[in-house]
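Beneath this line is the structure, given in structure tokens, with notes to follow.
The numbers here are math on the coordinates, done by the rules we state, and not lab data. Since this is a predicted model, take the numbers as computed values, not measurements. Positions of Cβ are generated from backbone atoms using ideal geometry, with glycine treated the same way; all protein chains shown enter the neighbour counts.
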Amino acid sequence: MSDGNGSADLDRDELRAVVRAVLRDVLPALKDGTPGGLPTRSETVRIGTDADLVDLVARVLTLAEDPDMRADLLAGRHRFVLAEATGAEGALPGVTPAPPVVPAHRVDRGAVTERRVAAAAADGARLVVGRRAVMTPLARDKARALGVVVEKEH
Amino acid sequence: MANNAIGMIETKGYVAALAAADAMVKAANVTIVGRSEVGDGLVAVTIVGDVGAVKAATEAGAETAGSVGELVSVHVIPRPHAELSRHFEVGSGTAE
């Protein structure tokens, strides 16, 4: 570049104007998080099980076969949104959903028998064994077999 | 029948222990081999029999003891060591 030259200064001003115009076009798009100013596609996915995860991986691999789509995926122009997350945010912003309440079968005294454990399992409840209650060996086996959560109080 | 398991039920009070012992021998093919009173109202009944029979018997005995009086503890030893019978009154519960 030749400094001190009048025409070069003029060119520089023009260049600045052009750059400003380009930035004006591009900056709002960048602020929105869309690189390159191109629109972002988002796909809602629901992941609750391992099978859902396998489906998502298969979908991503299928998408990546197309070179344009692959570039979009890498650049973050094609995004995946979790169905649960969007639903929760949409319904109650800033409020975390309450943890699921597991009902409890409580035994305060006497024997905790196999039948009591089976009843708790049928209700999908956990078993709270009080300090003075005693669990029989058969009940302990049953709880292990049925996967009933046993909480012993001390 | 292989008497290779021992079961124990301890109650507070004689009546609950007696009721538990009755329920146990009625519920399954087990034999009562001991009753020990250690004071403070604690009475323990020991039975021997097959593992399954002993587990079923203690289940019934514990339920009865709990409803009649105060159940303190229930336990089953599926295959007790031979050494036990030399120092505890566990009858033929130890493996032959």
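Taking amide hydrogens as placed 1.01 Å from N in the peptide plane, the amide H of A:F80 sits under 5 Å from those of A:E43, each at least 5 positions away in sequence or on another chain. Each helix, a run of at least 4 DSSP H residues, gives -39500 (n - 2.57); summed and divided by the residues of chain B, these come to -11500 deg cm²/dmol at 222 nm. Express in whole angstrom the spacing between the alpha-carbon centres of region B:27-51 and region A:39-85. Comparing the Cα centres of region B:27-51 and region A:39-85, I get a distance of 66 Å. Once you order the gyration tensor axes a ≥ b ≥ c over the Cα atoms, which shape class does chain B get: rounded for a/c under 1.5, otherwise prolate or oblate by comparing a/b with b/c? Oblate. Across chain B, C-alpha contacts under 8 Å between residues 6 or more apart give a mean separation that, scaled by the residue count, equals a relative contact order of 42 percent.
Sorted fewest first by neighbouring Cβ atoms within 10 angstrom, B:L18, A:L146 come out as A:L146, B:L18.
Computed 3J(HN,Hα) for region A:128-140, one whole-Hz value per residue from the Karplus formula 6.51 cos²θ - 1.76 cosθ + 1.60 where θ = phi - 60°, is 9, 9, x, 5, 9, 8, 10, 8, 7, x, 5, 5, 5, glycine and proline marked x. For A:H105, the residues whose modelled amide H falls within less than 5 Å of its own, excluding neighbours fewer than 5 places apart on the same chain, are A:R126, A:L127, A:V128. Using θ = phi - 60° in the Karplus curve 6.51 cos²θ - 1.76 cosθ + 1.60, the 3J(HN,Hα) couplings for region B:62-69 round to 5, 5, 5, 4, x, 7, 7, x Hz; x is entered for Gly and Pro.
Derived scalar couplings between HN and Hα for region B:20-27 equal 5, 4, 4, 4, 5, 6, 7, 6 Hz in order, rounded to whole Hz, by the Karplus curve 6.51 cos²θ - 1.76 cosθ + 1.60 (θ = phi - 60°), x for Gly and Pro. Listed by chain and number, the aspartates and glutamates whose alpha-carbon sits under 17 Å from that of B:K26, ignoring those within fewer than 8 places in the same chain, are B:D50, B:E59, B:E63.
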